[in-house]
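Here's the structure we're looking at; comments come further down.
The values are calculated or read from the model by the stated rules, or taken from the named source; none is laboratory data. In this text the structure is predicted, and so the values were computed from the model without any measurement. Virtual Cβ from ideal backbone geometry, glycine too; neighbours counted across all protein chains shown.
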Amino acid sequence: MRKQNLLTLTSTLLIGSALVLGGCGNNGGNASSPSVSPASSPAGESASPSASAGGEPVTLTAFLFNMDKRQALEETFKKFTEQNPSITVDLLVNDQDYYTVLKTKIASNDMPDIVMGEYGDLLELGQAGHILDLANDAYIGNYSEQIRSQMTTPDGKIYGIPLDISGMGIYYNKDLFKEAGIEAFPKTQTELREAIDKLKANNITPFGLAVADGWTLAHTLFTTIAGTADDVKALAENAKAGQSIQSDRLKQGFATLDLIYGNADPQASSNNYNASLSLLAQGKVAMLQQGYWAYSSIIDINKDAKLGFGAIPYSDNADDAKLGVNVNVSYAITTKSAHQEAAKKLFEWLTTKEGNGIANENMKQIPAIEGVTVSSNPIADDILSYVNAQKVVPWSQVLMNGSTRVEAEAIMQGYFFKKKTAEDVMTEIAASWAKK
């Protein structure tokens, strides 16, 4: 398989756009973040670090929500254990109500050694004293200055380490596009409408959709907000201050949502995430809005699927079509861990070129560490093309509180079933975003 150095991707991505630390696993990190209570003792003082890799055997417990990456992470951690025989890592995975369970673990003083989350969620956990500040750990220097700036809180703390960078856009089946006579992925709403008409004329279902998993619909809103904003970070700050998020561009963006929702497969209302991936992989739908994290699962279903990845068009100006690209979820060490030294040994390895390369090769993701070389694939190449052209925007959802991400699920399900208007959606999301 052809190898490609993704250093250019990381550097250009962070220089060319104001990205925000955060991201998603296969549930998008949309489970409600906990309203956490302060830890009983200051960060780093609640537990004594364990013996190092050369000491007594240690088993780290990692509580994660990315079920679709479980096998890849298990294989990665086995490689770490081969080099550090006294440290093993056990995974606990919950991709349905992750933050609710984590909140229960906090309340019952039953914290794992390692947790994961969005930037905002880890910030809340860190400020409450539940996870360690890693800012002074030497391995943080393995990240580029641009990446570190996205990991750092306003008061100089770093609560987690990201392994990869991801993108959000539309997967499309190249064979079905060719069959319908579509020569290139649409860059405008008019071109998207024309492509849909050509697909339907050839009895090809244009879009897959997973309405039963509300987080997938929430993501269609998040990309619409980001893809129509002049400045996503400024919009987020204004929303938190109670200002309206409505704009002519955002209103026009809902026309794209209508094209996706109105041309989805007949079983869309009952499909879940996995079903939607199967439809795309098996060539039963031509397009699916999803994140890069889904690629490995799609290829597992059909390794011969010929796919491309494009930016979602929200207007009739081709220059407006930009791909959502962001640093992905981060991993953190809890202050209650009795094995902090061993956990930091793992984090140190994951941020080396070797460890980060193994992790991203297994997960089929884009490395967050500069200079790491992993196997290329068509979707990563497409993301790279947008990044190098500086046609990317940051994700909006990582700038929201956890409750807003959850509320967006029901709001967008209401929009799909025509129980809410675009005006309702914009008003309700803005109100939720403004909650303290």
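Take the conditions (1) out of contact with any Asp or Glu (no Cβ under 8 Å at 6 or more places or on another chain); (2) touching a residue at least 40 places away in the same chain (Cβ under 8 Å); (3) not in a strand (DSSP E or B); Gly324 misses just one of them, which is (3). Whether any residue in the range 162-170 is at pLDDT 95 or above, hydroxyl-bearing (Ser, Thr, Tyr) and not in a helix (DSSP H, G or I) is what I want to check. There is no residue in the range 162-170 that is at pLDDT 95 or above, hydroxyl-bearing (Ser, Thr, Tyr) and not in a helix (DSSP H, G or I).
Scanning the range 79-125 for residues that are under 20 Å from Leu163 (Cα atoms), modelled with pLDDT under 95 and outside any strand (DSSP E or B) yields a count of 10. Looking across the range 126-161, the residues that are crowded, with 18+ Cβ neighbours inside 10 Å and in a loop (DSSP other than H, G, I, E, B) come down to Gly129, His130, Leu132, Asp133, Leu134, Tyr143, Ser144, Lys157, Tyr159, Gly160. Of all residues in the range 377-409, those satisfying the criterion of being assigned to a helix (DSSP H, G or I) and within 21 Å of Ala236 (Cβ to Cβ) are Gln397, Val398, Leu399, Gly402, Ser403, Thr404, Arg405, Val406, Glu407, Ala408, Glu409. For Ala389, the test of being of a type in the set (A, V, I, L, M, F, W, C), more than 25 Å from Thr88 (Cα to Cα) and over 20 Å from the mean Cα position of the chain (by Cα) is passed. Of all residues in the range 361-392, those that are touching a Leu at 6+ places or on another chain (Cβ under 6 Å) and under 26 Å from Asn317 (Cβ atoms) total 4.
There is no residue in the range 290-304 that is free of Cβ contacts under 8 Å to residues at least 60 places away in the same chain and within 30 Å of Glu56 (Cα to Cα). Among the residues examined, Phe63 does not qualify as surrounded by 18 or more Cβ atoms within 10 Å (Cβ to Cβ), over 27 Å from Arg405 (Cβ atoms) and in contact with a Phe, Trp or Tyr (Cβ under 9 Å, 6 or more places away or on another chain). Which ones in the range 360-404 are touching a Gly at 6+ places or on another chain (Cβ under 9 Å), surrounded by fewer than 21 Cβ atoms within 10 Å (Cβ to Cβ), among the polar types (S, T, N, Q) and within 17 Å of Val325 (Cβ to Cβ)? Answer for the range 360-404, where residues must be touching a Gly at 6+ places or on another chain (Cβ under 9 Å), surrounded by fewer than 21 Cβ atoms within 10 Å (Cβ to Cβ), among the polar types (S, T, N, Q) and within 17 Å of Val325 (Cβ to Cβ): Asn388, Gln390.
The residue list Ala218, Ala226 contains one member that is under 15 Å from Gly169 (Cβ atoms), crowded, with 21+ Cβ neighbours inside 10 Å and among the aliphatic types (A, V, I, L, M), which is Ala226.
Tell me, yes or no, whether the range 192-215 has at least one residue that is within 22 Å of Gly120 (Cβ to Cβ) and not in a loop (DSSP other than H, G, I, E, B). Yes, the conditions are met somewhere in the range 192-215. Contact map, the range 113-139: first residue on the phi < 0 side of the Ramachandran plot and assigned by TED's automatic domain parsing to the domain that holds Thr59, second residue among the charged types (D, E, K, R) and outside any loop (DSSP other than H, G, I, E, B), Cβ cut-off under 6 Å, separation 6 or more or different chains; pairs are Tyr139/Glu348.
Please indicate, with yes or no, whether at least one residue in the range 297-310 is of a type in the set (A, V, I, L, M) and surrounded by 24 or more Cβ atoms within 10 Å (Cβ to Cβ). No, that holds for no residue. Picking from residues in the range 232-275 that are of a type in the set (D, E, K, R) and in contact (Cβ under 8 Å) with a residue 12 or more places away in the chain, the one that is nearest to Thr421 (Cα to Cα) is Lys251.
Residues checked against (1) over 19 Å from the mean Cα position of the chain (by Cα); (2) closer than 30 Å to Ser247 by Cα:
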{"position": "Ser296", "(1), (2)": "no, no"}
{"position": "Asn302", "(1), (2)": "yes, no"}
{"position": "Phe309", "(1), (2)": "no, yes"}
{"position": "Pro313", "(1), (2)": "yes, yes"}
{"position": "Asp316", "(1), (2)": "yes, yes"}
{"position": "Lys322", "(1), (2)": "no, yes"}
{"position": "Ala338", "(1), (2)": "yes, no"}
{"position": "Phe347", "(1), (2)": "yes, no"}
{"position": "Asp381", "(1), (2)": "no, no"}
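A count restricted to the range 347-401 and to residues that are basic (Lys, Arg) and modelled with pLDDT under 90 stands at 1. Restricting the search to helices (runs of 4 or more DSSP H) fully inside the range 216-318 and requiring at least 3 residues that are within 24 Å of Gly414 (Cα to Cα) and of a type in the set (D, E, K, R) gives 248-262. Could you check how many residues of the range 405-433 are modelled with pLDDT of 90 or more, over 18 Å from Gly253 (Cβ atoms) and buried (at least 17 other Cβ atoms within 10 Å of the Cβ)? The total comes to 4.
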